[in-house]
1. Residues B:Pro198, B:Pro229: which one is closer than 19 Å to B:Pro345 by Cα and in a helix (DSSP H, G or I)?
2. Restricting the search to region B:284-300, which residues are buried (at least 24 other Cβ atoms within 10 Å of the Cβ) and either assigned to a loop (DSSP other than H, G, I, E, B) or of a type outside the set (S, T, N, Q) (or both)?
3. How do the pairs read when you match residues in region B:213-240 that are within 9 Å of another protein chain (Cβ to nearest Cβ) with residues anywhere that are surrounded by fewer than 15 Cβ atoms within 10 Å (Cβ to Cβ) and not acidic (Asp, Glu), using Cβ under 7 Å and keeping only pairs 6 or more apart or on different chains?
4. Quick check: is even one residue across region B:44-52 touching a residue at least 12 places away in the same chain (Cβ under 8 Å) and touching a Pro at 6+ places or on another chain (Cβ under 8 Å)?
5. Kindly indicate whether any position in region B:358-380 is of a type in the set (Ser, Thr, Tyr), touching a Gly at 6+ places or on another chain (Cβ under 9 Å), crowded, with 20+ Cβ neighbours inside 10 Å and away from every other protein chain (no Cβ under 12 Å).
6. Which of the residues spanning region B:22-36 are of a type outside the set (Val, Ile, Thr), in a helix (DSSP H, G or I) and farther than 16 Å from B:Ala185 by Cβ?
7. Does B:Phe124 satisfy the criteria of being of a type in the set (Phe, Trp, Tyr) and away from chain A (no Cβ under 11 Å)?
8. Is it the case that B:Leu328 is within 14 Å of chain A (Cβ to nearest Cβ), surrounded by fewer than 24 Cβ atoms within 10 Å (Cβ to Cβ) and either over 23 Å from B:Tyr142 (Cβ atoms) or among the aliphatic types (A, V, I, L, M) (or both)?
Amino acid sequence: MIDWSLVAKIAGGGFGVTILALVILYVVAWIVGLIVPKPKAETKETPEKEK
Amino acid sequence: MFGLYETAFGALTWGNIIMFLIAGLLIYLGIAKKMEPILLVPIGFGILMVNLPIGGMMIYSPEGFPAEVGSLSELIHAIGNGEIGLLNVLYTYGIESEVIPLLIFLGVGAMTDFRPTIARPVSFLFGATAQLGVFVVFIIAYTSGLFSINEAACVGIIGGSDGPPTVYLTAALAPKLLGPITLVAYSYMALVPILQPPIIKALTTKKERAIFMKPQLRQVSKLEEIIFPIMIFVVAALLVPKSVPLIGMFMFGNLLRVSGVTDRLAQAAGGVFIDVLTFLLGLTVGALMPASVFLTGQTLAIVGLAVVAFAFGTAGGLWTAKLVNLFLKEKINPMIGAAGVSAIPMSARVVQKMGQQANPKNFLLMHAMGPNMAGAIATSVVAGILLGMLL
């Protein structure tokens, strides 16, 4: 006997919670990326022109 | 001989002989075709060990479960009397206790570079939706009547394409199926280059596959790299407490890698340490496949359902990437969503290869590695959710 309500809870609920958890991780990772200072792009030092 | 000596020939069954052929095939695929050799060779040899009758490497209960090892004080006595075998000990203390899969995940974390995921956090969405295969196959497996609800969840997790969470969940929920599920999961991971391309082609147009992405991702600072494993662990642990052992070990291993002061520990965890654990896992998983347990309709069903799980996982990631594209000015190549099924780094390589076939200027590997890593995190979260619901 298949317990359809249990199937719906596990499949629907489980997938839903997975999406929700990963969306939260996405948002947190995105916010951390905004807050933490980015590494400065390396700039090539150009030698001073000899006068 | 004279009632005192006995060879194993008389105890051989047709089931044993079929298992020898399967073991031979796995060893051949591992050695000659280099398909997941680190696992398939030990698994193949483990199968040989337990299908040679009277060997006593693994003793089973009448239901097909490995016999109970008992307490440490009883251990030496039991081994001496032939009541349990060496592989019983490895199974009880390594797999049943969940120690080996968790420690392997620590090593995996120490080898994982999360920078592509940090640089493009939207990868988490692709990793999440690529878990679609897990739940679709769970429904099919359970409603087929062939599997109990716990077993169906373990068959579904094959779609996550990540070894340690699969072993961890199955050891907890359906230990009798640990052998076939682990074997199928690792074998199919090696088959990703064959399984995924036709699914990706069926779900995308050539124009979509040719979408160009700039080869370089944004630079990630050292501080971001260090914050990432700690942040992922804390948030995931709060949201899905049962995922703590998996995510905790995975992220701890990664912190050793990125901290900059524990390089020796990271090298140890990602080196000989993980190698030793992997062959112990392989050998013990092989030992869980005596003919009486492996040669059943359930095993055949697992082999078929795993393909369905991969197909829906690939589709889930792809469809989400297409959906995300509706909101982006600079479009992403939807194939990178397919790499959310994990199977590190196989599926990312598939995306790279197909991307270059469609547009030779494309270099998608690093873009696909982001969803690939996010998929590994997502599978651990799914394992935690299923444990929370079913244990």
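1. On the way: B:Pro229 fails: closer than 19 Å to B:Pro345 by Cα.
Within the list B:Pro198, B:Pro229, the selection yields B:Pro198.
2. At the first step, the residues of region B:284-300 found to be buried (at least 24 other Cβ atoms within 10 Å of the Cβ) are B:284-289.
Once the filter is applied, which keeps residues that are buried (at least 24 other Cβ atoms within 10 Å of the Cβ) and either assigned to a loop (DSSP other than H, G, I, E, B) or of a type outside the set (S, T, N, Q) (or both), region B:284-300 yields B:Val285, B:Gly286, B:Ala287, B:Leu288, B:Met289.
3. Between residues of region B:213-240 that are within 9 Å of another protein chain (Cβ to nearest Cβ) and residues that are surrounded by fewer than 15 Cβ atoms within 10 Å (Cβ to Cβ) and not acidic (Asp, Glu), the close pairs are B:Gln219/A:Lys38; B:Gln219/A:Pro39; B:Ser221/A:Pro37; B:Ser221/A:Lys38; B:Ser221/A:Pro39; B:Lys222/B:Gly260; B:Val240/B:Gly388.
4. Initial filter on region B:44-52 (touching a residue at least 12 places away in the same chain (Cβ under 8 Å)): B:44-52.
From what's left, touching a Pro at 6+ places or on another chain (Cβ under 8 Å): B:50-51.
The answer is yes; a qualifying residue exists.
5. Taking region B:358-380 first, the residues of a type in the set (Ser, Thr, Tyr) are B:379-380.
Checking which are touching a Gly at 6+ places or on another chain (Cβ under 9 Å) leaves us with B:379-380.
Narrowing the set further to residues that are crowded, with 20+ Cβ neighbours inside 10 Å leaves B:379-380.
Those left that are additionally away from every other protein chain (no Cβ under 12 Å): none.
For region B:358-380, residues of a type in the set (Ser, Thr, Tyr), touching a Gly at 6+ places or on another chain (Cβ under 9 Å), crowded, with 20+ Cβ neighbours inside 10 Å and away from every other protein chain (no Cβ under 12 Å): absent.
6. Filtering region B:22-36 for residues of a type outside the set (Val, Ile, Thr) gives B:23-26, B:28-30, B:32-36.
Next, only the ones that are in a helix (DSSP H, G or I) stay: B:23-26, B:28-30.
B:Ala23, B:Gly24, B:Leu25, B:Tyr28, listed by residue number.
7. Details: of a type in the set (Phe, Trp, Tyr): yes; away from chain A (no Cβ under 11 Å): no.
Considered against the rule, which asks whether it is of a type in the set (Phe, Trp, Tyr) and away from chain A (no Cβ under 11 Å), B:Phe124 comes out as no.
8. Values: within 14 Å of chain A (Cβ to nearest Cβ): no; surrounded by fewer than 24 Cβ atoms within 10 Å (Cβ to Cβ): yes; either over 23 Å from B:Tyr142 (Cβ atoms) or among the aliphatic types (A, V, I, L, M) (or both): yes.
For B:Leu328, the condition - within 14 Å of chain A (Cβ to nearest Cβ), surrounded by fewer than 24 Cβ atoms within 10 Å (Cβ to Cβ) and either over 23 Å from B:Tyr142 (Cβ atoms) or among the aliphatic types (A, V, I, L, M) (or both) - is not met.
The values are calculated or read from the model by the stated rules, or taken from the named source; none is laboratory data. No experiment lies behind these values; they were computed from the predicted model shown. Quick reminder, even Gly has a Cβ in these numbers, built from the backbone with ideal geometry, and neighbours come from all protein chains shown.
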